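Report on the structure given below.
The values are calculated or read from the model by the stated rules, or taken from the named source; none is laboratory data. Since this is a predicted model, take the numbers as computed values, not measurements. Cβ sites come from the backbone with ideal geometry, for glycine too, and all protein chains shown count toward neighbours.
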Amino acid sequence: MDIYEIRKHNLVNLIGSQRKGSCAERWGMAPAHLSQILSDKTAKNLGDDVARRIEEIEGLPRGWFDSIHPGEAPIQESEPTESKLSATDLVKQMLAKSGKGIPEETRLRLLSAAQEPEASNLLGADFIRKGQVGDEVWIAHYDVRAAMGGGQIPHEYPEMLQDIRVSPKHLREMGVTFKEHFHLKMITGWGQSMAPTIKDRDPLLVDVTIREFTGDGIYLFSHDEMLYVKRLQKKGKDRFKMISDNKHHDPEEIRVEDTHILARVLYVWNGQPV
């Protein structure tokens, strides 16, 4: 169980029978943002800043959201349904039902392929999946289609395209800064608004543990339920300046509280560090 599951559990208990809209207004957040955090489909996380703000407003101890409290029922894991079965389980079921005529070598290949780590929602907890330990590691590549133009609604269940095999040592030699290789994932940008830095369909290396603004740079973020890859600069206390590298696209100002950072772009897979 990760920190975001614990926070969601505590958030549900805190809201109780209260109206979600009233809670969102009291906590200074958009109702849609709160609904996304509570939803089982969008899997948007309760970030550090928002968690601390709610604790302060509600008079709760700092860090209250981050642990299970005595006397509470443990978080119940739902029973796996057929739609939630892993690829390995589904392949095993298929082979048991109709795989009698399949050669043994083919059966083993199917099982081996199904046992590769699977992709889940880009916005969900699958980002904690670690790569293979060693000098060369596998980095998961997600088909998220983060838009570098007018924004794009993310797939609810994006499919993994392929894994990229890289050397963490070589990445650092190229100037890519990161703590652990399993913090890194690959996504694909779409559109021309970040050209020439990022061209249409360029693969992007991102650090998914960066969920807050850490200084000027290129981020993967959602705003008004759209997904973007853009430069962000802080403008005042409550606004970001959203910048496109393509000079034909004018900068825009967006509200910090309506902007949910999902990762920071570290490297463009066309040889462009950022």
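Checked against (1) at pLDDT 90 or above; (2) more than 23 Å from residue 46 (Cβ to Cβ), residue 259 meets all criteria but (2). Residue count for the range 223-274, restricted to those that are in contact with a strand residue (DSSP E or B) (Cβ under 9 Å, 6 or more places away or on another chain) and either among the hydroxyl-bearing types (Ser, Thr, Tyr) or part of a strand (DSSP E or B) (or both): 32.
Inside the range 226-274, residues that are acidic (Asp, Glu), more than 27 Å from residue 173 (Cβ to Cβ) and surrounded by 14 or more Cβ atoms within 10 Å (Cβ to Cβ) make up a count of 2. Consider the range 1-58 and keep the residues that are out of contact with any Asp or Glu (no Cβ under 7 Å at 6 or more places or on another chain) and of a type in the set (Asp, Glu). The one that is surrounded by the fewest Cβ atoms within 10 Å (Cβ to Cβ) is 40. Within the range 18-26, is there a residue that is touching a residue at least 60 places away in the same chain (Cβ under 8 Å) and outside the structural domain of residue 211 (by TED's automatic domain parsing)? There is no residue in the range 18-26 that is touching a residue at least 60 places away in the same chain (Cβ under 8 Å) and outside the structural domain of residue 211 (by TED's automatic domain parsing). Tell me, yes or no, whether the range 40-50 has at least one residue that is more than 20 Å from the chain's Cα centre (by Cα) and at pLDDT below 90. No, because not a single residue in the range 40-50 is more than 20 Å from the chain's Cα centre (by Cα) and at pLDDT below 90. The criterion of at least 1 residues that are modelled with pLDDT of 80 or more is met, among strands (runs of 3 or more DSSP E) falling completely within the range 158-208, by 184-190, 203-207. How do the pairs read when you match residues in the range 217-230 that are of a type in the set (D, E, K, R) with residues anywhere that are assigned to a strand (DSSP E or B), using Cβ under 8 Å and keeping only pairs 6 or more apart or on different chains? What qualifies is 230/218; 230/219; 230/221; 230/242; 230/243. Note on the range 200-237: residues that are farther than 21 Å from residue 251 by Cβ and among the β-branched types (Val, Ile, Thr) amount to 4.
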